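Working notes, structure below.
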Amino acid sequence: GDSVTQMEGPVTLSEEAFLTINCTYTATGYPSLFWYVQYPGEGLQLLLKATKADDKGSNKGFEATYRKETTSFHLEKGSVQVSDSAVYFCALTQGAQKLVFGQGTRLTINP
Amino acid sequence: GAVVSQHPSWVICKSGTSVKIECRSLDFQATTMFWYRQFPKQSLMLMATSNEGSKATYEQGVEKDKFLINHASLTLSTLTVTSAHPEDSSFYICSASRLAGGSYNEQFFGPGTRLTVL
C-alpha cells in the first residue's frame, strides 16, 4: 500500500540555520502531497501542499517541491526561528480523503 | 475559522471501563470526520472514517466493536473505547473535512485526547 517515510528526528538547529526535512513516498497513481505541522499542545495544521508533479508548495517561509522522479517532497526553510519548533508530518492522499502520514520529525530551534 | 475541538483533552480510566471522546467542528459543517491513533514517536494511523448519519468505515485491523463511532450530526462525532485495557492507552486525534472544491477536501485536526488505561 501507499507509504510515507520521513527523516528521523529529533532535529536540533540554531536560529537562522537552513532546514531540510526529507520525505519520500511510495504510491500508485498520482498522489497529492502535504506537510502538516503540530505545535506543542495544538492539533495538526496544514503547512503546505502540492497536487501534481513539479508543483511547489510554500507557506510561512517553508517550501517543498513535488518531485515525481525521486518520489520526494522535502521540506526546506532558509532561516528557521525558535517559533518553528514543532513536529512536522509529511503525508499523501490519493484523491480520496484518506491521509497517509509519515512518522513525524520533531524540530527544535535554539536561540 | 475551521476549528475542531476534542473533549476531554486527557482521561485516565480503569481497565474494563468505557471512555467516550467527543470531536466537534466549531465553525463549519463537516462532511466527514476521521479518527486517528498515535503511538509515542510514531505516525498517525487512521482508525475509521465516518459520514454523518451513516456507519463508520473502519480500517483493516481496527475492531469496530471495540471502538464505537457515532456521527450524529454534521458537527459532532464520538469515539467510545469499550472495555478499555492498558494496550488501548494512546493519543487519539480526530479531524473533520469540509467541501473545498477540487480533488481534495482539507482536513482540520483536533488537539487530541490522551487516554491512559490503568
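Any read-out appearing in this document is the output of simple, stated calculations on the displayed coordinates, not a laboratory observation. These numbers were taken from a predicted model, which means no experiment stands behind them. For neighbour counting, all protein chains shown are included, and Cβ atoms are generated from backbone atoms with ideal geometry for every residue, glycine included.
Remarks
- Radius 14 Å from Cβ of A:Val80, net charge of other residues (Lys, Arg +1; Asp, Glu -1): -2
- Distance between the 7 Å Cα→Cβ label points at B:Thr80 and A:Glu76: 5.2 nm.
- Residue among A:Gly29, A:Gly41, A:Gly78 with the largest mean-square fluctuation in a Gaussian network model of chain A, springs linking Cα atoms under 10 Å: A:Gly41
- Summing charges over all other residues whose Cβ lies under 13 Å from the Cβ of B:Gln107, with Lys and Arg as +1 and Asp and Glu as -1, gives +2.
- GNM flexibility winner over chain B from B:Lys66, B:Lys55, B:Lys41 (Cα, springs under 10 Å): B:Lys41
- Centre separation in Å (Cα based) which lies between the stretch B:71-85 and the stretch B:1-49: 8
- Net charge, A:Lys98 excluded, C-beta distance under 10 Å - Lys, Arg +1, Asp, Glu -1: -2
- Listed values for the stretch B:36-43 are Karplus-derived 3J(HN,Hα) couplings in whole Hz (6.51 cos²θ - 1.76 cosθ + 1.60, θ = phi - 60°), namely 10, 10, 10, 8, x, 6, 10, 7, and x replaces Gly and Pro.
- Free-standing Cys, the protein assembly as shown [no other Cys Cβ under 4.7 Å]: B:Cys13
- Listed peptides A:68-74, A:19-25 by packing density, highest first (mean Cβ within 10 Å): A:19-25, A:68-74
- Under Karplus coefficients 6.51, -1.76 and 1.60, residue-wise ³J(HN,Hα) of the stretch A:77-84 in Hz, glycine/proline x: 8, x, 8, 7, 10, 4, 5, 7
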